[in-house]
Amino acid sequence: MTEGELDVAAAREEIAREILRVHNEAYGTGAQEIHVHLVGDVVLVLIDVELSTAEQTLVGAGRGDAVKATRETFQEAIGPTFTAIAERATGRTVVGFISHMNVDPPFAVELFRMKPRQ
């Protein structure tokens, strides 16, 4: 493994650890699994989230749309925190952030577009 690969591995680990920490603190629920991918100018984070009891009740009542909307709105609010994590771990500037929540099965996608290298 080259030194560059070790840096990528360390960045992935830091992003996963810190995103999970913020996620757990913000939602009060954990995640079953997290995957971090660094590809070119993109950082992609997939989180297999655990829904809260209230969210599970809403999904069971056919109101998954409410869970999705609330989670995505909340993700926008904590987006600057997630952005700071990606920037700190990669040493690059985030120029765009997109968050998407899927309810069934429950997972979140956090996508960071990084400023191109000069």
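Tabulated data for the structure shown
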{"read-out": "Number of the condition not met by Ala77 [criteria: (1) modelled with pLDDT of 95 or more; (2) under 17 Å from Glu25 (Cβ atoms)]", "value": "(1)"}
{"read-out": "Boolean, Glu110 is charged (D, E, K, R) and closer than 20 Å to Asp7 by Cβ", "value": "no"}
{"read-out": "Pairs where the first residue, in region 92-107, is farther than 10 Å from Lys68 by Cβ and among the charged types (D, E, K, R) and the second is at pLDDT below 95 and surrounded by 18 or more Cβ atoms within 10 Å (Cβ to Cβ), C-beta under 6 Å, 6+ apart", "value": "none"}
{"read-out": "Considering residues of region 107-118 that are closer than 18 Å to Ala16 by Cα and not acidic (Asp, Glu) only, the residue surrounded by the most Cβ atoms within 10 Å (Cβ to Cβ)", "value": "Phe112"}
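Table: residues versus (1) within 15 Å of Asn102 (Cα to Cα); (2) among the aliphatic types (A, V, I, L, M); (3) within 12 Å of the chain's Cα centre (by Cα).
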{"site": "Val36", "(1), (2), (3)": "no, yes, yes"}
{"site": "Val39", "(1), (2), (3)": "no, yes, no"}
{"site": "Thr53", "(1), (2), (3)": "no, no, no"}
{"site": "Val67", "(1), (2), (3)": "yes, yes, no"}
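The values are calculated or read from the model by the stated rules, or taken from the named source; none is laboratory data. If you're wondering where the values come from, they're calculated on a predicted model, not measured in any experiment. Cβ: placed from backbone, ideal geometry, glycine included. Neighbour counts: every protein chain shown.
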